[in-house]
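Colleague: One structure coming up, written as structure tokens, with questions to follow.
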Amino acid sequence: MSEKSPIIKLENIDVIFEQKKQTIHAVKDVSLDIYPGDIYGIVGYSGAGKSTLVRTINLLQKPTHGNVIVSGTNLATDNNGLESYIPNKDLRNERKKIGMIFQHFNLMNERTVAQNVLFPIAHLKLTKDQRQQKVNELLDLVGLADRANAYPSQLSGGQKQRVAIARALASEPEILISDEATSALDPKTTNSILLLLKKLNVELGLTIVLITHEMQAVKEIANKVAVMENGEVIERGSLLEIFTAPEKQLTKDFIDTATNLEDGLRKVQNQGIVQNLQSPDILVQLSYAGASTDEPLISTLFKEFNVSANILFGNVEILQNTPVGTLITILSGQQQDIKTAIASIEQNGVEVKILKGALA
Ligand SMILES: Nc1ncnc2c1ncn2[C@@H]1O[C@H](COP(=O)(O)OP(=O)(O)OP(=O)(O)O)[C@@H](O)[C@H]1O
């Protein structure tokens, strides 16, 4: 397979659940190309159809319509509306290429960490030494080398997820599907698990599909993002595209939460200085990415245009090695100077949104 072919290709996927009293169209005509080495984030609120969609990748959920192609093999094929699936004996082999981790870890509590990790390859004829070596390697990889003989009940949530990751890697998959794997963890542990996933992506070349309701998680490690709502992918793109130029309101809401902008805006609005804003001063949100940050934005405003900026909130992220920033600031000066300054920074790629006050 060439570098350019998707490792996962979903084409026009529909999943329809027929129930006694109602029909649920959980996934609606979704097409998605995921390339080798991608960390592909799929974001959406509960019920958007994320799990149902990604479960079609290994046919844990059979699509009602559409094509599922993984590593060049057709797992589900739509022949003019008539769906056919790969035979079960072949599917078993294909599934070895796809590991999966979940929110609640799904470990076997009566088995040790080592036994849990070895479970997926129990059918392989390995000597005692080979088993030991395999466990050591996998536990080493996830940073749990010293816990092979512990039981899951003796581990923290983060450690349990590490065991689940080691188990998912035992059959040496090319793809790892992470279904809300950090949703039950505290923020610090979440970060350490995300960093581990990133490490596996870099060191093993593992392709990762990351489902989450938190854009924060996606922001940390993904290079591509799709946003789902009501069974549809409503927006998609590179992480940078999505963060710097989101089109849909839902995407904007997710980003504002992930960057704390929502919270920042609320606090700023309550400040006396904003409540008593005097014309021609205005409250603006300045958003910039990449090259435009090289310009010393605030000092330029003052030096070149005699406009002073009182920064009330600021957030700068480094996304895919590119700084992406938001500032909420009061611009003060002569009305004409403020206008000229805004026109100039807009020309340099800074997005300017007036939050309060107006320029005549
Ligand atoms: N086996 C099923 N039978 C019937 N309806 C289902 C089934 N699985 C999912 N659904 C429905 O499909 C829709 C999408 O659910 P899905 O679990 O894919 O959403 P999600 O975005 O992953 O949300 P969550 O994170 O809460 O799981 C929901 O309305 C859900 O109730």
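What follows draws every value from the coordinates through simple rules; no lab data is involved. From a predicted model like this one, the values you see are computed outputs, not experimental measurements. When we count neighbours, we look across all protein chains shown, and the Cβ atoms used for this are built from the backbone with ideal geometry, even at glycine.
Colleague: Taking 7 Å along the Cα-to-C-beta vector as the label spot, tell me the Thr322-Ser171 distance in nanometres, rounded to one decimal.
Modeller: Computed distance between label sites Thr322 and Ser171 equals 3.8 nm.
Colleague: What are the ³J(HN,Hα) couplings of the range 296-307, residue after residue, when phi is run through the Karplus curve with 6.51, -1.76, 1.60 and θ = phi - 60°? Round to Hz, x for glycine and proline.
Modeller: x, 3, 5, 5, 4, 4, 6, 5, 8, 10, 6, 10
Colleague: Would you please give the FRET efficiency between Asn270 and Asn310, computed as 1/(1 + (r/R0)^6) with r the Cβ-Cβ distance and R0 = 25 Å, to the nearest 0.05?
Modeller: After rounding, the FRET efficiency stands at 0.95.
Colleague: If neighbour count is taken as other Cβ atoms inside 10 Å, put Val233, Val113 in order from fewest to most.
Modeller: Least crowded to most crowded, the residues run Val233, Val113.
Colleague: Let me ask something else. Excluding residues fewer than 8 places away in the same chain, name every one of the lysines whose C-alpha is closer than 16 Å to that of Lys97.
Modeller: Lys9, Lys89
Colleague: Amide H to amide H under 5 Å from Leu312: which residues, 5+ apart in sequence or cross-chain, H placed 1.01 Å off N in plane?
Modeller: Under 5 Å from the amide H of Leu312 lie the amide H atoms of Ile328, Thr329, Ile330, each far enough along the sequence or on another chain.
Colleague: Could I ask something else about it? ³J(HN,Hα) across the range 32-48 via Karplus (A = 6.51, B = -1.76, C = 1.60, θ = phi - 60°), whole Hz, x for Gly/Pro?
Modeller: 8, 10, 10, 9, x, x, 5, 10, 9, x, 10, 10, x, 6, 3, x, 5
Colleague: Lys20 versus Asp33, label points 7 Å from Cα toward the beta carbon: distance in nm?
Modeller: So the label points at Lys20 and Asp33 sit 4.5 nm apart.
Colleague: Still on this model: Between Asn149 and Ala358, what is 0.36 nm times their sequence separation minus the Cα-Cα distance? Round to one decimal in nm.
Modeller: Gain in length upon complete extension: 68.6 nm.
Colleague: Please give the direction-averaged projected area of the C-alpha convex hull for the chain, in square nanometres with one decimal.
Modeller: 23.7 nm²
Colleague: Then there is this: How large is the translational diffusion coefficient of the range 261-356 in µm² per second when you combine the Kirkwood radius over alpha carbon pairs with Stokes-Einstein at 10 °C and 1.306 mPa s?
Modeller: 117 µm²/s
Colleague: Given a cut-off of under 8 Å on Cα pairs at least six residues apart, what relative contact order in percent is computed for the range 191-346? Could you put the intermediate results ahead of the total?
Modeller: On the way: 188 pairs, mean separation 28.6, N = 156.
Relative contact order for the range 191-346 comes out at 18 percent.
Colleague: Ok, one more. Which FRET efficiency, nearest 0.05, do Glu247 and Asn74 yield, Cβ-Cβ r, R0 30 Å? Can you show the working numbers first?
Modeller: Details: r = 33 Å, r/R0 = 1.09.
With R0 = 30 Å, the Cβ-Cβ based efficiency is 0.35.
Colleague: If you place +1 on the Cβ of every Lys and Arg, -1 on the Cβ of every Asp and Glu, and leave all else neutral, what size is the dipole of the chain about its Cα centre, to the nearest 20 Debye?
Modeller: The calculated dipole for the chain is roughly 1300 debye.
Colleague: Gain in length, Glu346 to Leu204, computed as 0.36 nm per residue apart minus the alpha-carbon separation, to one decimal in nm?
Modeller: Roughly 46.9 nm would be gained on extension.
Colleague: Restrict the search to the range 171-241; then list the trypsin sites (Lys or Arg not before Pro) that DSSP places in a loop and that have at most 12 other Cβ atoms within 10 Å of their Cβ.
Modeller: Sites meeting the loop and neighbour criteria: none at all.
Colleague: Grab the Cα-Cα distance for Gln335 and Leu82, subtract it from 0.36 nm times how many residues apart they are, and report the gain in nm with one decimal. Let's see the in-between values first.
Modeller: Numbers: separation 253, 0.36 × 253 = 91.08 nm, distance 6.56 nm.
Stretched fully, the Gln335-Leu82 segment lengthens by 84.5 nm.
Colleague: Could I ask something else about it? First measure r as the distance between the Cβ atoms of Gln278 and Lys188, then evaluate 1/(1 + (r/R0)^6) with R0 = 45 Å and state the FRET efficiency to the nearest 0.05.
Modeller: 0.55
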